[in-house]
Structures are given as C-alpha cells and as structure tokens.
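Nothing in this text is a laboratory measurement; each read-out follows from the coordinates by a stated rule. No experiment lies behind these values; they were computed from the predicted model shown. Note: ideal-geometry Cβ built from the backbone for every residue, glycine included; neighbour counts use all protein chains shown.
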Amino acid sequence: MSQPDTLDPFRDLRVPVVAAPMFLVSGPGLVIAQCRAGIVGTLPALNARTTEEFADWCDRITASLPEGTMWGVNLIAAPTNTRLGADLDVCVAKKVPLVITSLKAPAEVAQKVTGYGGMHLHDVTTLRHAKKALTSGCSGLVLVCAGAGGHGGTLSPMAFSDEVRRIHKGPMLIGGGIGTGAGVLSVRAMGANAAYVGTRFIAAEESLASVRHRNMLIASTSADITYTPLFSGVAANYLSASIAENGLDLAALPTGPRLDAGQARPEGLRAWVDILGAGQGASAVERLEPTETIVATLDAEYQAALRSIGTASV
C-alpha cells in the first residue's frame, strides 16, 4: 500500500485537468497551448518520428513555458516499442516533469523519473493492474474508465476510484468520457486530483488531428462511439463513422476485450489513422476552437457546477 500524500500536485491549475496524450493528435504546439491556458498538457513520445525529434520537442516546450510549469510525456512500455529506452533517457536528460506509462509499469521508469524529481503515473483499467503498478514504485495512477477514447477500460469511475483510494492515497487521475467542467468536478468528488481529458482537445486548433478526424468528431455524440478489439487486438473506442466509412458492418464487430482465437484484424486498415479514436465525451465537441477557449469553457462550467452544488437543497 502506498503512503498518504498530503500535497495535491495539481492544486494550482486553473481547472484540475490533465490533457491526455493522444496518438497522432497531441504535439508540442498543443501541449504549450494547454499549459499556457492553465492545465497540464501531455503528448506521446511516439508522435515524434524519431527520438532526436522528440528531444527537440522537449526543448521547444521547455523554452516556451515558464520555469516550473508541469507538462508531460507518455511512454508505451511494451516490447514492441523499440524506442522506450532511448525516449526514457531523453525524459531523464530533459527532466520532464510528468511521465505517464501505458501497458506495463517497469520499475526502471519509476526509479529514473522519481530519481530526478519527476512524477511517474501509470495507466490502469483494473484493480489488479493498479496494485501491480503501485509495486513498481510509480508516483500515482491514471484510472482509464469506461468511455475513454482509445484503449479505454470498462469499469465505472465511481466503483474503480473507490477501490483504488482504499489502497492508494497519492496522485490519482480519472479519465473516461469527461468533456465538461461538471464532469471534471464529478471526478474530483470521487477523490481524483484531476480529470484526464482527451477527446475534448482533438478539435483544438493547435492539435495535430486531421481535418477528417476533427469534422467526424464534431458531427458525433456518445451514441456514435464503437468499442471493439478488432483494429488493435485490444478493445478501444473509435468513431463509428470511420468504421462504417471503410465498409464494415458495425453490428457484426467483436465486442470482447480482445480478439478471440482465429479472429483476424482487417488487412490494410490502420487503427488511429483509417479508424479514428474518440471517447464518449464526443458530444462536448461542437466546433474547431483554440485551446484557450476550450479551457476557459471548462473553467466556467466547473465554477458553475460548484455554485450549483453550493446552492442546491439537500
């Protein structure tokens, strides 16, 4: 069991939001805009074509923000990521304030990141994974719950957060279908230090998302999201229109967490490129907007929700 943490590392944010790192969407321009708007911006290291370019991105972000600004990087901790060691070395050399790992939580990452004073959070979708991650020495957890874009989990954030808070009192983020300030407040009430918000920023002017991705998202609601393992082998949330656009029958797709033996992925279709990721918070995205406008809206909604609770009769 981890020891209680009396400090909230996200307490000084304009609104308690950590922008989720999105493949082919989050780049240095978006991270800088998110941080300048008063939240924590993050990006996947693999969005840079090479480790050298990733190092340049880190330098660009650091040079563009006031000293001490929190921002972060996502590292995919899997054998298939041949850049993991080199990209981790960049994070150490550049002293990236926040490192978020996905899939596995190697103790080496925790040791190196916390060794230079950084924060290491790990994505988890089950209590078993949460317990395993905490034994690696990570600083805290990101609970990826039902409705999250990309590889989202299936657990209710209310149940999952309660289970995790029984064993972990340190930093904890909650993600999954959060697209409004009221949603941010709700996860704070569940004990999270901040909300993990991705989909809301796909249509930000500063994002790397394609015009197709942005327009399809703007036209979608939560009913237009399909959860299937067909395209990456592990269940993820995608825009249904991008699946149908490629000639597939939405009613005939597998629904389990992983492909069954003998089920093959469609040849030639690329997850995240042809088949586009998004979460159930899609309906909150109504237009292309600057990041500052998105964060200002989240802040106004968050404050309105706080006032509503304060004036509500019990």
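Rounded to the nearest 20, the size of the Cβ-charge dipole of the stretch 181-309 about its Cα centre is 260 debye, with Lys and Arg at +1 and Asp and Glu at -1. An oblate overall shape is assigned to the stretch 1-112, the ratio a/c of its alpha-carbon gyration tensor axes (a ≥ b ≥ c) being 1.5 or greater and a/b not exceeding b/c. Prolate is the label for the stretch 81-173. Its Cα gyration tensor axes, ordered a ≥ b ≥ c, give a/c of at least 1.5 and a/b above b/c. Taking the fewest neighbouring Cβ atoms within 10 Å as the starting point, the ordered list for SER308, SER26 is SER308, SER26.
Packing, as the average of other Cβ atoms within 10 Å across residues, places the peptides 9-22, 57-70 in the order 9-22, 57-70, highest first. Pairs of Cα atoms nearer than 8 Å and 6+ residues apart set the relative contact order; for the chain it is 18 percent.
Along the stretch 249-261 the Karplus relation, 6.51 cos²θ - 1.76 cosθ + 1.60 evaluated at θ = phi - 60°, assigns HN-Hα couplings of 8, 4, 6, 10, 7, x, 10, x, x, 9, 5, 6, 4 Hz to successive residues, with x for each Gly and Pro. Stokes-Einstein diffusion for the stretch 80-120, with the hydrodynamic radius set to the Kirkwood value over Cα pairs and evaluated at 10 °C in a medium of 1.306 mPa s, equals 155 µm²/s. Charging the Cβ of each Asp and Glu at -1 and of each Lys and Arg at +1, and nothing else, the dipole of the chain about its Cα centre rounds to 680 debye. For the pair ARG83 and LEU127, a Förster radius of 30 Å applied to the C-beta separation gives a FRET efficiency near 0.50, rounded to the nearest 0.05. Computing FRET efficiency as 1/(1 + (r/R0)^6) for ASN215 and THR50, where r is the C-beta to C-beta distance and R0 is 25 Å, gives about 0.25.
Site pair SER156 and ARG287 shows an inter-label distance of 3.6 nm when each label is modelled 7 Å from Cα along Cα→Cβ. Across the stretch 100-107, computed HN-Hα scalar couplings (Karplus, 6.51 cos²θ - 1.76 cosθ + 1.60, θ = phi - 60°) run 10, 9, 10, 6, 10, 10, x, 4 Hz from first to last residue, x flagging Gly and Pro. Among beta bridges identified by DSSP and lying wholly in the chain, the antiparallel ones come to about 20 percent. Highest mean packing comes first when the peptides 85-98, 165-178 are listed by Cβ atoms within 10 Å, giving 165-178, 85-98. What whole-number distance in Å separates the alpha-carbon centres of the stretch 258-314 and the stretch 66-90? What the calculation gives is 24 Å, centre to centre. The H on the amide N of LEU155, modeled in the peptide plane, is under 5 Å from the matching H of ALA146, each at least 5 residues off or on a different chain. The H on the amide N of ALA194, modeled in the peptide plane, is under 5 Å from the matching H of MET172, ILE174, each at least 5 residues off or on a different chain. Express as a percent, rounded to the nearest 5, the fraction of DSSP beta bridges in the stretch 165-258 (both residues included) that run antiparallel. Counting only bridges with both partners in the stretch 165-258, antiparallel ones make up about 60 percent.
Per-residue 3J(HN,Hα) values for the stretch 111-118, derived from phi via the Karplus relation 6.51 cos²θ - 1.76 cosθ + 1.60 with θ = phi - 60°, read 5, 6, 6, 5, x, 9, x, x Hz in sequence order (x marks Gly and Pro). Is the shape of the chain rounded, prolate or oblate, going by the alpha carbon gyration tensor and its root eigenvalues a ≥ b ≥ c, with a/c under 1.5 for rounded and a/b larger than b/c for prolate? Verdict is rounded for the chain. Amide H contacts for GLY27 (H built 1.01 Å from N in the peptide plane; partners 5 or more residues away or on another chain; cut-off under 5 Å): LEU208.
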